[in-house]
1. Would you say Leu317 is aliphatic (A, V, I, L, M), more than 16 Å from ligand 2 (Cβ to nearest atom) and either assigned to a strand (DSSP E or B) or touching a Phe, Trp or Tyr at 6+ places or on another chain (Cβ under 8 Å) (or both)?
2. Out of Glu8, Glu63, report the one residue that is of a type in the set (D, E, K, R), in contact with a Phe, Trp or Tyr (Cβ under 7 Å, 6 or more places away or on another chain), buried (at least 18 other Cβ atoms within 10 Å of the Cβ) and not in a loop (DSSP other than H, G, I, E, B).
3. If you take the residues in region 66-106 that are of a type in the set (Ser, Thr, Tyr) and surrounded by fewer than 21 Cβ atoms within 10 Å (Cβ to Cβ), which one is modelled with the highest pLDDT?
4. Condition first: away from ligand 2 (no atom under 16 Å from the Cβ) and of a type in the set (Val, Ile, Thr). Now tell me which residues in region 289-313 satisfy that.
5. Within region 71-105, how many residues are closer than 30 Å to His278 by Cβ and more than 8 Å from ligand 1 (Cβ to nearest atom)?
6. Which pairs turn up if I take residues in region 75-97 that are over 30 Å from Ser153 (Cβ atoms) and look for partners that are within 16 Å of ligand 2 (Cβ to nearest atom) and part of a loop (DSSP other than H, G, I, E, B) with beta carbon separation below 9 Å, at least 6 apart in sequence or on another chain?
7. Would you be able to tell me the number of residues in region 271-296 that are part of a loop (DSSP other than H, G, I, E, B) and touching a helix residue (DSSP H, G or I) at 6+ places or on another chain (Cβ under 6 Å)?
8. Restricting region 11-50 to residues that are in a loop (DSSP other than H, G, I, E, B) and among the hydrophobic types (A, V, I, L, M, F, W, C), which is farthest from Glu66 (Cα to Cα)?
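The values are calculated or read from the model by the stated rules, or taken from the named source; none is laboratory data. Owing to the predicted nature of the structure, the values given are computational and were not obtained by experimental measurement. Neighbour counts run over all protein chains shown; Cβ positions are idealised from the backbone, glycine included.
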Amino acid sequence: MTLSWRDEIRQAIKDHQSLSHFLDYPVARTTYPLMIPPSLAEKIRKQGPTSALWKQFVPHADESLEGGFMDPIGDHLHQKAPQLIHRYKQRALLLPTTKCPVLCRYCFRKNELSIPDDLFKPNLKATISYLKDNPSITELILTGGDPLVLSTSKLKELLNEFLNIPQLKYLRLHTRFLTILPSRFTGDLIHFLRDLTTKFKTVSLCLHFNHPDEFDGDSLKALKDLRKTRVQLLSQSVLLKDINNCENTLNDLYDFCENEGVRPYYLHHPDQAKGTQHFQVSLSEGKKIYSRLRQLRPGWSLPFYILDDPKGTGKKLLE
Ligand SMILES: *Cc1c(COP(=O)(O)O)cnc(C)c1O
Ligand code: SF4
């Protein structure tokens, strides 16, 4: 039986006992919430406890280790209107939801996402007037949470609000859905994305994934459909200990991106979020991996390696 993406989210595994039972494995009880949609849980079970999928989504006792920050990238310092974060002159983040299709154990927002919030409440007046008062903002970036947890009709309703702000030329959406719940990319959504490309100069979809083993036939099919739209496909990954902290794994990941029409965009050094100490890679190790990756790939197919400063000063290029 195949579930719709919405039923997958509704029926996600959300407690340690059910997950332990499903995986037939003693899953650690941590203070952080857990959420894994059934089809992903099945893939995790198949790939097993040493796999990149398992380590990214199954809770681990090390989440209680000391260290790290509650707001590791200093976002709160730049909140300028409800749900709007404006740190760089030309672009602003809109957070229409704090919900995600899955809870990643390494998440940099993990101390905020524990607050369950439902779909967006259309309280956009102040946000829209802020954008109108700041014509230097030409790109609106939807992130969250994951903006694609909103139904396509909610997304339409939301984006309609921004269509008559004349300076907004660029639109970007950041999402984890591609490899987590590829069934989200219904014909309806693909059609909507294609339609958006007629309304904005560039529409980008920044796809978050960390390891080649995350992809399956369904995510490849979704990518194939996405490539037929005029949407620019970008990748975003996090460097994670014991998951992808190896130049060969990353090289495979980016080869894969090239084959599938996704441009390598960002490789994030892990943010120092509380509860993610066991995923941390040191800066010196990260730099070594990146410089070896540079030997393996041409510059045009290399992501930017970046670090978000906890003081809220923004992204810094590393090399
Ligand atoms: C990362 C980020 C952006 C997007 O930056 P790009 O370099 O354009 O990808 C915008 N605003 C904030 C607050 C960010 O953290
Ligand atoms: S999808 Fe992104 S925001 Fe959501 S839990 Fe994963 S890393 Fe965090």
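1. Taking the combined requirement at face value, the residue satisfies it.
2. Step by step, each of Glu8, Glu63 is checked, and only Glu63 is of a type in the set (D, E, K, R), in contact with a Phe, Trp or Tyr (Cβ under 7 Å, 6 or more places away or on another chain), buried (at least 18 other Cβ atoms within 10 Å of the Cβ) and not in a loop (DSSP other than H, G, I, E, B).
3. Across region 66-106, the extreme among qualifying residues is Tyr88.
4. Listed by number, the residues that qualify are Ile289, Thr313.
5. Residues of region 71-105 closer than 30 Å to His278 by Cβ: 71-79, 85, 87, 93, 95, 97-105.
Narrowing the set further to residues that are more than 8 Å from ligand 1 (Cβ to nearest atom) leaves 71-72, 74, 76-77, 79, 95, 97-105.
Final tally of qualifying residues: 16.
6. Close Cβ pairs (under 9 Å, with a partner that is within 16 Å of ligand 2 (Cβ to nearest atom) and part of a loop (DSSP other than H, G, I, E, B)) amount to Leu77/Asp71.
7. Number of matching residues: 1.
8. Our first condition is that a residue be in a loop (DSSP other than H, G, I, E, B); within region 11-50, this holds for 11-12, 14-15, 24-35, 37, 48-50.
Going one step further and asking which of them are among the hydrophobic types (A, V, I, L, M, F, W, C), we end up with 12, 27-28, 34-35.
Working: Ala12: 29, Val27: 20, Ala28: 17, Leu34: 20, Met35: 23 Å.
Selected residue: Ala12.
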